[in-house]
Amino acid sequence: MIRSMTGFGRAEVSDGVNKILVEMKAVNHRYLDMNIRLPRRFMQFETRTRGVVKEYISRGKLDVFVTAQGEGGQGKELCYSRSLAESYLGYIRRISEEFGVPDDVTAVKLATMPEVLTMENSDEDADNLWQLLEEAIRDAGAMFTAQRTLEGETLYKDIMQKLTAVDDMVTSIELRSPEVVEEYRERLTSKVRELLEGTAVDEARLLTETAIFADKICVDEETVRLRSHVNSMRTALKPSSDEQAGRRLDFIAQEMNREANTILSKCNDMEISSIAVSLKTMIEKIREQVQNIE
């Protein structure tokens, strides 16, 4: 089943120590534009996060928001930077000598210098955090996909109804076209007879003029191609077809609009012109809906 590009998904998971909330929101876009916002301690997972998210969307402007609560104490390691402490101590002693101020550095003071002692996640803790984050992403992705699929079903029904309307308009044009030619022939014959005032009418010449007019306003090729495009769009919309059909459907809608423009430019009949304008309007509505499809 086709899917809409617009959707929202949300999931929250917790292991008793850490709680992670993932929100996914997407709107229409020609390509895949993904923006992922992670807390600082989850930045190491950005590449893996992007890989998992891509399983749920191929086109659209997607924002992924990850928030986390709880630092946890499990899997943490206290790290000591001896080289940094040595540098701090060396500079402090140098300052003391150059400016004649007391050197009263203690071990406690030195330990409080920035980055001398740091609390970092161990490898085991990083693995646990990623498993928790991946679970939240997949739960949010499942909700995100379900919502987009549901909206896709609505789009499918609406577009199919509009395609039926297009078919009906094409049929009306096909039925009206021969009538236009016949009406032209009758008007031409009447006008010629009026001008000739009883003189014999050259039927061959009338037939020639009528044929030229019929060829000029003929839209058979356009209506045949329109029906072909309608069938192609129906095929692309079928549940068994490629779920990522948005680009193909948009191209078909453009071609349908091209044929409608040609019909409108050829016709010189008010009834066909009115139908062609309605046809263009309906095709534009179809294209607006198609642009919501992934």
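Just so it is clear, none of the values below were taken in a lab; they were calculated from the coordinates. Bear in mind that the values here come from a model prediction, so they are computed numbers and not experimental data. Virtual Cβ from ideal backbone geometry, glycine too; neighbours counted across all protein chains shown.
Given bins 5 angstrom wide, list per bin the percent of all Cα-Cα distances in region 76-121, short to long.
5, 22, 27, 20, 13, 6, 4, 2, 1
Would you please name the GluC sites (Glu not before Pro) within region 1-73 that are DSSP coil residues with at most 14 other C-beta atoms within 10 Å of their C-beta?
Working: sites: E12, E23, E46, E55, E71; in loops: E55, E71.
Here the GluC sites (Glu not before Pro) that fit, given the DSSP loop and packing criteria, are E55, E71.
Which net charge results when you count Lys and Arg as +1 and Asp and Glu as -1 among the other residues whose beta-carbon is under 15 Å from that of R10?
Details: positive: K19, K25, R37, R138, R148; negative: E12, E23, D63, E135, D139.
Taking every other residue near R10 into account, the sum is 0.
L62: net charge of surrounding residues, Cβ under 9 Å, Lys/Arg +1, Asp/Glu -1, itself excluded? Mind dumping the intermediate values first?
Numbers: positive: K25, K61; negative: D33, D63.
That sum, taken over residues with Cβ under 9 Å, equals 0.
Roughly how far apart, in whole Å, are the Cα centres of region 8-59 and region 225-294?
For region 8-59 versus region 225-294, the Cα centre distance is 36 Å.
Using the Kirkwood radius over Cα pairs, work out the Stokes-Einstein diffusion coefficient for region 1-102 at 4 °C and 1.567 mPa s, in µm²/s as a whole number.
Once the numbers are plugged in, D ends up at 73 µm²/s.
Excluding E86 itself, calculate the net charge of residues whose Cβ lies under 14 Å from the Cβ of E86, where each Lys or Arg counts +1 and each Asp or Glu counts -1. Mind showing how you got there, number by number?
Values: positive: R82, R93, R94; negative: E115.
After counting each charged neighbour, the total is +2.
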